[in-house]
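First the structure, in the form of structure tokens, and then the observations on it.
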Amino acid sequence: MPTPPPRPPQARTRLARRAVLDAAAELFLEHGYGATTIEAISGAADVPQATVYRLFTSKQGILKALVDRSIAGDDEPVPVADRAPVRALLDTSDPRDVLARLAAVSVGINARTAPIYRILVSAAGSDPEAAVLLDELTRQRQEGQGRVTRALGRMKALRPGMRSRDAADVVHALASPELYRLLVVDREWSDERYQAWLADVLASQLLAE
């Protein structure tokens, strides 16, 4: 049998990166962020420690990469704001369609990030760098949600007297990872049920009659 050609460096780097992230996610969930070492991640991933450090710099870098991958759903270097579902959300002129699309995007992200978000919240309680990462993730969520509610404000679609900033607070609470966990994980709602409920309650709370 002929020897297969060697993988190009970029492909090897992607495979090593994926192996490290997969191993880290499993170890973080099983043992906790604080108790997991780079050495353990390197061993579980079968990737040399020097390569792990070259790819991620630190354990906090691995956690950030896990968060980013879970939010995006893949390893492609495309910001969430530039992805098709989010662009479509901001391009539509129907306020109810905006909120229905927002609910779909939010549920998709929360479904993917739920295990990693739990790791991050737990780590933030004792690790200052993880706390900074959690704060940054919250800021990014607020920024994206504010962009949506400002668009609704420009459409004159918000309830009388409601500022886009107040509308963003409502979205931030109802589409939060915490509420997703409460209803989907703890109360065993399906993602479909939560998404339909979220779209409906956002419309009832935010939109003018």
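The values are calculated or read from the model by the stated rules, or taken from the named source; none is laboratory data. No experiment lies behind these values; they were computed from the predicted model shown. Cβ atoms come from the backbone with ideal geometry, glycine included; neighbour counts cover every protein chain shown. Note: accessible area is taken over every heavy atom of the protein model, side chains too, but ligands, DNA and RNA are not part of it. Shrake-Rupley method; radii C 1.70, N 1.55, O 1.52, S 1.80 Å.
In the range 10-105, inverting the average of 1/r over every pair of distinct C-alpha atoms gives 15.0 Å as the Kirkwood radius. FRET efficiency for the pair Arg87 and Ser190, taken as 1/(1 + (r/R0)^6) with r the Cβ-Cβ distance and R0 = 25 Å, rounds to 0.40. Under a model in which nothing but the beta-carbon of Lys, Arg (+1) and Asp, Glu (-1) is charged, the range 54-113 shows a dipole of about 320 debye around its Cα centre.
For the range 27-68, the fraction of C-alpha pairs farther apart than 17 angstrom is 22 percent. Computed over the chain, relative contact order equals 19 percent, with contacts defined as Cα pairs under 8 Å that lie 6+ residues apart. Could you list log10 I(q)/I(0) for the chain at q = 0.10, 0.15, 0.16 Å⁻¹, which the Debye formula gives when each Cα is one point scatterer? Listed by q, the Debye log ratios stand at -0.52, -0.97, -1.05. Shown are Ser93, Ser106, Ser204, whose ranking by accessible area with a 1.4 Å probe and every protein chain present, most to least, is Ser93, Ser204, Ser106. Ordered by 1.4 Å accessible area with all protein chains kept, Leu55, Leu15 run largest first as Leu15, Leu55.
Where a ≥ b ≥ c are the square roots of the eigenvalues of the C-alpha gyration tensor, would you call the range 93-209 rounded, which needs a/c under 1.5, or, failing that, prolate if a/b is larger than b/c, or oblate? In terms of gyration-tensor shape, oblate.
The largest accessible area among Arg141, Arg118 belongs to the first residue in Arg118, Arg141, and the rest follow in falling order (1.4 Å probe, all chains).
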